[in-house]
Amino acid sequence: MDALGSGKHRLTEAYSWFLAGWAKRLSRKEVAQAFHTTWDHVFSSVERVVVWGRGTRICRVLRRSVLTKLLGSEDTVINAGLSD
């Protein structure tokens with residue numbers, strides 16, 4: 001299992017991030033052609049990074065919610081520098 005999710009991935013985590021980064025600038029087809037890979041690999045790389053980002057966002061929201069409940073108010077969380 002890797003940091004971006006469960007299950008097996010055919011591409012390394014670093015290569016997935018690399019392809020996803022380029023897919024922000026070029027079409028998936030152009031990225032695949034430029035780096036001699038398949039459109040499916042580019043697509044799965046983008047999907048993998050998006051899933052990671054959603055998980056990270058959910059964790060931040062939960063963390064802030066728990067801290068707000070523990071400390072009493074959202075202002076306290078922000079003033080204490082505990083929010084993201």
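The numbers here are math on the coordinates, done by the rules we state, and not lab data. On a predicted model such as this, the values are computed, not experimentally measured, just so you know. Cβ: placed from backbone, ideal geometry, glycine included. Neighbour counts: every protein chain shown.
Structure above, values below:
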read-out: Cα lying deepest toward the dipole's positive end in region 13-79, options Leu62, Gln33, Ser44, charges on Cβ; value: Leu62
read-out: Thr37 long-range amide H proximity, modeled H, under 5 Å; value: none
read-out: Per-residue ³J(HN,Hα) for region 27-41, Karplus 6.51 cos²θ - 1.76 cosθ + 1.60, θ = phi - 60°, Hz, x for Gly and Pro; value: 5, 4, 5, 5, 5, 4, 5, 5, 10, 6, 10, 9, 4, 4, 5
read-out: FRET efficiency estimate (nearest 0.05) - Cβ-Cβ, Arg63 to Ser27, R0 41 angstrom; value: 0.70
read-out: Relative contact order (%) - region 13-79, alpha-carbon pairs under 8 angstrom, separation at least six; value: 27
read-out: Backbone N under 15 Å from the Phe18 label point (7 Å along Cα→Cβ), restricted to region 38-59; value: 38, 41-42, 45-46
read-out: Kirkwood Rh and Cα Rg combined as Rg over Rh, evaluated for region 13-79; value: 1.30
read-out: Per-peptide average of other Cβ atoms within 10 Å, ordering 37-47, 55-65 highest first; value: 37-47, 55-65
